Amino acid sequence: MQPSPLAALCPAVAEARMPFPDAYTHSVQPRPPQPYLRPKGGSARSAPCLSLSFTLPGDIRSARIARTATAAALEAHGLAAYVWPVTYTVTELVSVTARMSPGRELYVSLRQRADAVRLLVWDQHPQHVEPDMAGLCEARRRRALWLLAAVVDDWGGEWGVCEAAQPQRGTKSWVVLPR
């Protein structure tokens, strides 16, 4: 997929209008093929837990792919009540993170355990060294996610954005919706 023509949310990316220097690139290591819908469960009495992970191109059109895969996984695991809020949040997170680091891969993870449904979107947008630029970039990301914040709050959940742990580079955006 070619990057979409929408402007990048990050001011550094918007000003440069070119990819980040090679010092910031980080490729995701290829993994052997695994089934997308893999139930995990201990005993026959416990319901299988949802565990879904996939990588998408850093393009705003990837939001539709994420929404479709997430809805299918939730329905297959008997979590139809979560289809609307989770597909909405994954759509918002993928579209915003794709605009933060256009052209770079995004990683999406959806997990369900007994107490909550957890969604994580990791993008390769590097942390800024200059404090003013970092503050502006974070403010733009949070402002772009204002509607997501309202949906998550309405469902009694939590959301946030944090720096990815080493050895990864980038930013992780997450949502937790209680069961």
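For the stretch 142-156, the set of residues classified as in contact (Cβ under 8 Å) with a residue 24 or more places away in the chain and either open to solvent by less than 50 Å² (accessible area, probe 1.4 Å) or part of a strand (DSSP E or B) (or both) consists of Ala144, Leu145, Leu148, Val151, Val152, listed by residue number. Residue-level analysis places Ala80 outside the set of residues that are crowded, with 19+ Cβ neighbours inside 10 Å and at pLDDT 85 or above. Checking Tyr24, Tyr36 one by one, the residue that is modelled with pLDDT under 85 and closer than 21 Å to Gln127 by Cα is Tyr24 and no other. If a residue must be open to solvent by 80 Å² or more (accessible area, probe 1.4 Å) and in contact with an Asp or Glu (Cβ under 9 Å, 6 or more places away or on another chain), how many such residues does the stretch 123-141 contain? Count: 1. Pairs are defined by a Cβ separation below 7 Å, a sequence spacing of at least 6 or placement on different chains, a first member in the stretch 110-135 that is more than 21 Å from Thr91 (Cα to Cα), and a second member that is in a strand (DSSP E or B); the pairs so defined are Arg113/Cys49; Asp115/Pro178; Gln127/Glu163.
Residues that are farther than 19 Å from Glu163 by Cβ and either open to solvent by 10 Å² or more (accessible area, probe 1.4 Å) or among the hydroxyl-bearing types (Ser, Thr, Tyr) (or both) do occur in the stretch 114-121, at least one of them. When Thr97, Thr68 are screened for being over 18 Å from Leu177 (Cα atoms) and free of Cβ contacts under 8 Å to residues at least 12 places away in the same chain, only Thr68 passes. Among the candidates Pro102, Pro126, the residue that is touching a Phe, Trp or Tyr at 6+ places or on another chain (Cβ under 7 Å) and not hydrophobic (A, V, I, L, M, F, W, C) is uniquely Pro126.
The values are calculated or read from the model by the stated rules, or taken from the named source; none is laboratory data. On a predicted model such as this, the values are computed, not experimentally measured, just so you know. Quick reminder, even Gly has a Cβ in these numbers, built from the backbone with ideal geometry, and neighbours come from all protein chains shown. To get the accessible areas, we keep the full protein, side chains included, count just its heavy atoms, and leave off ligands, DNA and RNA. Shrake-Rupley method; radii C 1.70, N 1.55, O 1.52, S 1.80 Å.
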